[in-house]
Amino acid sequence: MKIAIVEDEYLASSYLKSILEQQEILQITAITVLKSVKEAVVFFSENKVDLAFMDIHLGDGKSLEIFEKTIIACPVIFITAYDSYAISVFKHFTIDYLLKPFEETELLEALHKFKKIKNSFNSESTLQSLIALENPENSKIQRHFLVNHGYKLISINESEINYFAATGKHLFIYVKSGNSYLYNSTITDIINNLDTFIFFKINRKYIVHRNSIKEVIKHSHQKVELILTVPSVENDPIFISKKEINNFKNWLDQ
């Protein structure tokens, strides 16, 4: 088993590494210590590990920046100084957290927990926890969307999205590159998490990004069509729901 420690404080990383090397819960073959966001991005872009320990605040930035710049598919145990809000977020989203200064028994408990639930780990929750920490006053607004792509996990920033489209019981995210990704939500649920200045639900099937609108064609007062920068699902024309036409005009005028 390979482990990465993302920690800029030498004493903290040495203490953690020492305990990991002596414990018998996990069979560890390699431990890599990374001291910055820059080092972590390079490392995770080229290597895979089974478990990572991450301090929230690093000398050159925050852990969230690592997730924005590369793919981290392994479980993460966060390390943090005392913060009541952070603790509430970690309890809800992550496998576990370590509160500085932590005791050896606390680390061992976290390893037991990891061993028990590693096979059912949901990596989306890791990113959600960091986003919630970054914007506590705006934690309900979702800025990143974690999707599966083959054996990889990709974090899609809201700025990359052209639109959300519902097909049957499934929701897909269509991005600027023309690719589409299955996302575990519904049109009804996801709209409540989005920035309403950026996204608009035009009908039961589509939520569009403001910058993805190429043309608005007014066929009549009750029939308005959108032409998007990326072709719609199955190249069908996209019409705004009649009851949303006025709201849509007001939204565009903001």
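The values are calculated or read from the model by the stated rules, or taken from the named source; none is laboratory data. This one's a predicted model, so the numbers in the text were calculated from it and none came from an experiment. All Cβ positions, glycine included, derive from the backbone under ideal geometry; neighbour counts span all protein chains shown. Ligands, DNA and RNA are excluded from the accessible area calculation, which covers all protein heavy atoms including side chains. Shrake-Rupley method; radii C 1.70, N 1.55, O 1.52, S 1.80 Å.
Brief remarks on what is shown
- Conditions (1) open to solvent by 10 Å² or more (accessible area, probe 1.4 Å); (2) at pLDDT below 95; (3) not hydrophobic (A, V, I, L, M, F, W, C): number failed by T29: (2)
- The condition of being touching a Phe, Trp or Tyr at 6+ places or on another chain (Cβ under 8 Å) and either of a type outside the set (K, R) or at pLDDT 90 or above (or both) holds for only one of L34, L58, L11, that being L34.
- Residues of region 130-169 classified as crowded, with 20+ Cβ neighbours inside 10 Å and modelled with pLDDT of 90 or more, total: 8
- For region 181-202, a tally of residues being surrounded by fewer than 18 Cβ atoms within 10 Å (Cβ to Cβ) and assigned to a strand (DSSP E or B) returns 2.
- Every pair of residues 6+ apart whose Cβ atoms lie under 8 Å, when the first sits in region 222-233 and is without any contact (Cβ under 8 Å) to a residue 40 or more places away in the chain while the second is part of a loop (DSSP other than H, G, I, E, B) and not charged (D, E, K, R): V224/I240; E225/P237; E225/I240; L226/I202; L226/I240
- Residues in region 32-56 that are of a type in the set (D, E, K, R) and open to solvent by 50 Å² or more (accessible area, probe 1.4 Å): K35, K38, E39, E46, K48, D50.
- Tabulated pairs, region 24-50, first under 16 Å from L153 (Cα atoms), second part of a helix (DSSP H, G or I) and basic (K, R), C-beta under 6 angstrom, 6+ apart or interchain: V41/K69
For every residue, the table says whether it meets (1) modelled with pLDDT of 90 or more; (2) under 18 Å from F164 (Cβ atoms); (3) open to solvent by 80 Å² or more (accessible area, probe 1.4 Å); (4) part of a loop (DSSP other than H, G, I, E, B).
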site: R204; (1), (2), (3), (4): yes, yes, yes, yes
site: V208; (1), (2), (3), (4): yes, yes, no, no
site: E215; (1), (2), (3), (4): yes, no, yes, no
site: I227; (1), (2), (3), (4): yes, yes, no, no
site: E234; (1), (2), (3), (4): no, yes, yes, no
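- Scope region 57-71; condition farther than 18 Å from S155 by Cα and surrounded by fewer than 21 Cβ atoms within 10 Å (Cβ to Cβ); matching residues: H57, G59, D60, G61
- Some residue of region 82-104 being in a helix (DSSP H, G or I) and at pLDDT 90 or above: yes
- Of the residues in region 165-185, at least one is aromatic (F, W, Y), under 26 Å from F44 (Cβ atoms) and in contact (Cβ under 8 Å) with a residue 24 or more places away in the chain.
- Scanning region 1-40 for residues being under 19 Å from I72 (Cα atoms) and among the small types (G, A, S) gives a total of 4.
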